[in-house]
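Structure first, then comments.
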Amino acid sequence: MRLSSLAWRNLATRKSRTLMTIAGVSLGVAVILATSIANASTVNAFKIMIDSITGKADFLVNSVAPGGFAAHKLGAVRQTPGVAQAVPGISKRTNLLFEEDELSVEFAGVDPRIDRSLRHYAVSGGRFLRPDDAGALVPQRLADEQKLGVGDSITIAESGTRHRFKIVGLLGEEGAGRFMGGRVVFISLARAQQVFDLDDRLTFIDVRVKDGADVDVVAGRVSERLGADFTVELPERRTEAISQMLRGLQVGLSFFGAIAIFVGGFLVYNTFSMVVLEQTRELGIVRSLGGSRLQISVLVMLQALFIGVIGSAVGLVAGVGLARFLLGFVSDTVNLQIHELSVPPEGLAIAILIGLAVTLIAASQPAFMAGRISPLAAIRIRAKVPSPGLGLIRLAFAAAVLGLGVYITFLPGGRELGRFAAWAVPIHATGDFLLLLGAAFMTPSLVGPLSRAISWPLRFVFGQPARLAATNLDRNRGRTAATAASVMITLAMLLSVSGMTSSFRHSVERWVDESLGADVYVSGPSTDTSYDAVYAKKLRKIKGVSDLTSVGYTVVNLGDGSALWRGIEPGSYQRFASLQIVEGDKEEAWKELRRDRRIFISTVTANSRDIGVGDTMAVATKEGKQEFTVAGVVIDFGGDMGELIVGSRADLKEYFGITDVSAFRLKVGGGALPADVAARIERRFPDMNFQVYDVQEFKGMVDEQVNQSFAVFSVLILLAAIVALISVFNTLMMNILERRREIGVLRAVGATRGQVGAISLIEAFVTGAIGGLFGLIVGGYLATDIVKNMKSLTGYEIDFIFPVETAAAALAMALVFTVAAAVFPARRAASTDISVALQYE
Amino acid sequence: MGVGPILRAEDLTKTYGTGPVRVTALCETTLAVAPREFVAIMGPSGSGKSTLLHLLGGLDTATTGRIFIRDIEITGLSDKELTLVRRRDVGFIFQSFNLLPTLSAEENVMIPIAIGSRSGAHKEKDAKRLDHLFALVNMEERRHHRPDQLSGGEQQRVAIARALVTEPAIILADEPTGNLDRRHGRDVLSLLQRSAADMGQTILMVTHDPAAAVFADRVIFLSDGAIVRELPLEGDGNVEAIIASLAELGD
């Protein structure tokens, strides 16, 4: 008989265990593949979004000031040498109103006569827009979601008026229909100008250059011709900005993928230790019949190969399904609907390779041990004597890996690494990984003392079973350690994510509490919606409103990126918010802000440019580049990816020509309730597209956003936990199988079923406790490193908060799950047939 | 003897499987063992020796028939009740010693008492008993050693001490010398013999070895699941008689 068929038969005889091991490998591979698909699909979705709207355009022209620019600029662009085509458009974010709820969408006003020469419209039903068309073109997917069709109407509210659009056509899943993940409505330019009160103004121009012309040169010419009021944006820069934005998410996903396969590796190691153990006699017989050491090792490795191949294959299928599931969460996190899966070939290859490699590496030690089985094992079994020499080597190795991991976490992160800043996250993730690995290798050395310590009090309750459990755990240190390590890693991951979330949430909440002192918030659906300043007066008149301040927003160009400009009224704003000024004297700073060209900047903006109070910052204004002096640095979680400038509304008017208001903050008085006042505002201005929140709702929204940002990671942790649970179950089963005879003896000399079962449960409990306690320590440390990194990566001020409640709950859950995983093995032990077990060798 | 048997089995039958794969391991076997008696059970492989021993010790349940230990019927007891019977009234000695590898010799001996007490702690009375038992099996010097630090003979002596620790009604020994050389085997057998004589223990021993069987007071021969002969052992020439009986049974 060939070795491979013997290996195959060995696996086939132990079906349930083989299946569980395959499941562990598959889950690991699935997570790796799913994260790589999620990464690729997210980047792809953004690319599609940009391509779908830029079409054949080479660059995009925008005005610095919101509210658009005069249509005659189109002529100036068209006349620029090298320009082949300039296509005007209007883009506005607003809410579609339905009976029950609202849906935020992009409204795009396009010129039906020429837009199709630039963008691809795949009309799947009805017709395309006509010039002066009053109707709308809606993506098929959006229409289906809302159960709409050609001939139905959609409604929006702008500046106090409701506007209805009849759907004249539907767009298929390609080209323009995929812009914003299909959250888009196309209308004619003429209708857009009318609805959004733009007269003959435009908000962007797409430009295509002549064949053979240099895009950069033409863009430079256009920029020169239009002056400082305009910005010229090349599509590559957007793509670049997006991959920058997604980097954190990608590293996070990859890190958890690595963890999943790591835990899966433990499972495989456990399983193959068990395979060797169970087959000791068989392998001994093969040896005694002339099988070489190598053949025995090969026999075990062949089993690993089968499991690796099948596990990876199943994992690939599961990975695609899992990716779809993950993308649901990623869509929420990045605020873009991702429908399409991109399966990167290198992702597939890596997933298969890692699945196979981890399985083979994990099985190699048991396979080597199998080769050393004496032919005598066929005849007798002696108790194994642990080798202290190996223990010391392992301890030294573990300490070295752990030390290296800790050392790396102490390395500076983010910008402190200068031009290697992009490597900060991968470097720290490697450090965290090494730390986990070192801690995992260290567990065998700690199992002895820890299991004795933890089971000591249990002796007083459970008596002899607790004593036996402790000695059993100590005897199988390697296996106990592998199980405890699985629990440890899962718990550490759980804790680091919840540490990250709770720290972030805590800091955001503190910011919300301190800086958002208003009772009611009124704004538009997005920061680029604005209202005439006259609404400040109207809102003041609402019953219950005692005070009000107006805020204007615009996105400004800083040359090396963009930031949100929050134009406030320094006089009244302080009554609503006490900004957390971290640099500069508070009173002095506020006084300064009233002066011309004085600004506060967020920590993110300050850190990314290494500037502080007294420094100046160049901002593109309608009068060209102007220097603004930093009067204070503030902690603020608002802004464009954290990039925020707080300036005065006076400067907003002077340098950007903006007098409109984007948001109002209100205080209530006279015993009125914020919720009542909010309701009154909504009733009084039904068609203003006002988003009105009382302070509680506002906090709830912030909380939800924080949760959404971290939801992906929670899902991945859950998967790692499932693998860990299988691993724990496997180990406990292995303990039972190995000790069948001992269990038989115990039963023969008078141990009850309950006592025998209790031994297994206590072993599980103690193992869970060792892993749990270890996990709390390692996880706590990892969380501090992750938070430190997040701080340095984003520039946000985040205080580390140890998630006490989650830690307690996680520890309790670790214990419950480990003990639960032991219930079946314990029952199996308790119901052992004594006379059979006694003959078992 | 004037006293009733301490162990009694009536019409014991044990079958495995059903239908065409049905195997009868023991067929309507009846036997009685008197207090302090040392009985050897012999027979060819597959004659039902081990099955009989397992049934008598409550390790397995009979298909039909009844077993009495100290006049208490153990057939039909629940698992929990059977466990208590094993703990109090039966001591086992196995061919492969079956000591728990993680425990010291002393801890192994104490197991039947420790699992019966809530805290698992030793009492003073137990300590005296241990001293006595380790003296009896001549293992005083090695009572803190673990099984893997003991020779086969030493392990079996520890196993005997374990079987004796609860002063059970009966000790069941399954090939106790099967894994030992002749010298250690003789040690173990004379120890068993002394236990029966001096401590008043009743012993039932399964063995293949006529040289082992001669240590008993009486030999029961099994064949095809039934008792086919009994041989009381007195005086000399017993080994030859046993070998002759076995030869007749075709072993």
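The values are calculated or read from the model by the stated rules, or taken from the named source; none is laboratory data. All figures in this text were calculated on a predicted structure; none of them were measured in a lab. All Cβ positions, even for glycine, are placed from backbone atoms using ideal geometry, and neighbour counts span all protein chains on display.
Matching residues to (1) more than 14 Å from chain B (Cβ to nearest Cβ); (2) of a type outside the set (S, T, N, Q):
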{"position": "A:Arg477", "(1), (2)": "no, yes"}
{"position": "A:Thr480", "(1), (2)": "no, no"}
{"position": "A:Leu495", "(1), (2)": "yes, yes"}
{"position": "A:Asp513", "(1), (2)": "yes, yes"}
{"position": "A:Tyr553", "(1), (2)": "yes, yes"}
Among B:Glu106, B:Glu81, the single one that is free of Cβ contacts under 8 Å to residues at least 24 places away in the same chain and assigned to a helix (DSSP H, G or I) is B:Glu81
Quiz item: Can you find a residue in the range B:41-57 that is more than 14 Å from every other protein chain (Cβ to nearest Cβ) and under 19 Å from B:Ser195 (Cα atoms)?
Solution: yes
Exception for A:Val105 within (1) out of contact with any helix residue (DSSP H, G or I) (no Cβ under 9 Å at 6 or more places or on another chain); (2) modelled with pLDDT under 90; (3) in a strand (DSSP E or B) falls at (1)
### Task
Kindly indicate whether any position in the range A:73-90 is within 32 Å of the chain's Cα centre (by Cα) and in a strand (DSSP E or B).
no
Of B:Leu189, B:Leu172, the only residue that is closer than 30 Å to B:Ser117 by Cα, at pLDDT 90 or above and buried (at least 18 other Cβ atoms within 10 Å of the Cβ) is B:Leu172
Within the range B:71-98, residues within 8 Å of chain A (Cβ to nearest Cβ), of a type in the set (Ser, Thr, Tyr) and surrounded by fewer than 23 Cβ atoms within 10 Å (Cβ to Cβ) come out as B:Ser96
Per the filter on the range B:58-67, residues more than 13 Å from every other protein chain (Cβ to nearest Cβ) and either buried (at least 22 other Cβ atoms within 10 Å of the Cβ) or under 12 Å from the mean Cα position of the chain (by Cα) (or both) are B:Ile67
Per the filter on the range A:534-556, residues small (Gly, Ala, Ser), touching a Ser or Thr at 6+ places or on another chain (Cβ under 6 Å) and either modelled with pLDDT under 85 or surrounded by fewer than 21 Cβ atoms within 10 Å (Cβ to Cβ) (or both) are A:Ala536
Residues of the range A:287-321 being of a type in the set (Gly, Ala, Ser) and over 37 Å from the mean Cα position of the chain (by Cα), in sequence order, are A:Ser288, A:Gly290, A:Gly291, A:Ser292, A:Ser297
So, first residue more than 26 Å from B:Arg8 (Cβ to Cβ) in the range B:151-169, second residue part of a helix (DSSP H, G or I) and of a type in the set (Phe, Trp, Tyr), Cβ within less than 7 Å, six or more apart or across chains; the pairs are B:Ala161/B:Phe134
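Suppose we filter A:Ile759, A:Ile777, A:Ile770 for residues that are within 23 Å of A:Thr818 (Cα to Cα), within 14 Å of chain B (Cβ to nearest Cβ) and of a type in the set (Val, Ile, Thr); which single one remains?
Residue meeting the stated conditions: A:Ile759.
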> Do we have any residue at all in the range A:443-453 that's outside any helix (DSSP H, G or I) and within 14 Å of chain B (Cβ to nearest Cβ)?
Replying inline: no
Touching a Lys or Arg at 6+ places or on another chain (Cβ under 9 Å), within 20 Å of A:Arg17 (Cβ to Cβ) and of a type in the set (Asp, Glu), is that true of A:Glu278?
yes
Those helices (runs of 4 or more DSSP H) completely within the range A:563-669 that have 1 or more residues that are within 32 Å of the chain's Cα centre (by Cα) are A:603-609
Listed by range, strands (runs of 3 or more DSSP E) wholly within the range A:149-238 having at least 3 residues that are at pLDDT 85 or above and farther than 21 Å from A:Ala57 by Cα are A:153-158, A:161-175
Residue match in the range A:681-695 (condition: within 25 Å of A:Ser507 (Cβ to Cβ) and part of a helix (DSSP H, G or I)):
yes
Condition set touching a strand residue (DSSP E or B) at 6+ places or on another chain (Cβ under 6 Å) and part of a helix (DSSP H, G or I), scope the range B:187-208, selection nearest to B:Met42 (Cα to Cα): answer is B:Leu192
With criteria (1) touching a Ser or Thr at 6+ places or on another chain (Cβ under 8 Å); (2) over 20 Å from B:Leu31 (Cβ atoms); (3) assigned to a loop (DSSP other than H, G, I, E, B); (4) at the interface with chain A (Cβ under 8 Å from one of its Cβ atoms), B:His144 comes up short on (4)
Being in contact with a Ser or Thr (Cβ under 6 Å, 6 or more places away or on another chain), in a helix (DSSP H, G or I) and buried (at least 21 other Cβ atoms within 10 Å of the Cβ) narrows A:Ile743, A:Ile726 down to just A:Ile743
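What about A:Thr471, is it within 14 Å of chain B (Cβ to nearest Cβ), touching a Ser or Thr at 6+ places or on another chain (Cβ under 8 Å) and within 18 Å of A:Ala814 (Cα to Cα)?
Numbers: within 14 Å of chain B (Cβ to nearest Cβ): yes; touching a Ser or Thr at 6+ places or on another chain (Cβ under 8 Å): yes; within 18 Å of A:Ala814 (Cα to Cα): no.
So A:Thr471 fails the test.
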- Of the residues that make up the range A:806-828, is at least one within 14 Å of chain B (Cβ to nearest Cβ) and either at pLDDT below 85 or part of a helix (DSSP H, G or I) (or both)? yes
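Would you call A:Ser572 under 24 Å from A:Phe698 (Cβ atoms) and surrounded by fewer than 19 Cβ atoms within 10 Å (Cβ to Cβ)? Outline the logic, then answer.
Working: under 24 Å from A:Phe698 (Cβ atoms): yes; surrounded by fewer than 19 Cβ atoms within 10 Å (Cβ to Cβ): yes.
Yes, satisfied.
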(1) within 17 Å of the chain's Cα centre (by Cα); (2) in a strand (DSSP E or B); (3) surrounded by fewer than 23 Cβ atoms within 10 Å (Cβ to Cβ); (4) of a type outside the set (Gly, Ala, Ser) all hold for B:Arg36 apart from (2)
Flagged in the range B:100-111 as within 20 Å of the chain's Cα centre (by Cα) and more than 8 Å from every other protein chain (Cβ to nearest Cβ), in numbering order, are B:Ala105, B:Asn108, B:Val109, B:Met110
Of the residues in the range A:662-701, those that are more than 21 Å from A:Phe98 (Cα to Cα), among the aliphatic types (A, V, I, L, M) and surrounded by 16 or more Cβ atoms within 10 Å (Cβ to Cβ) number 7
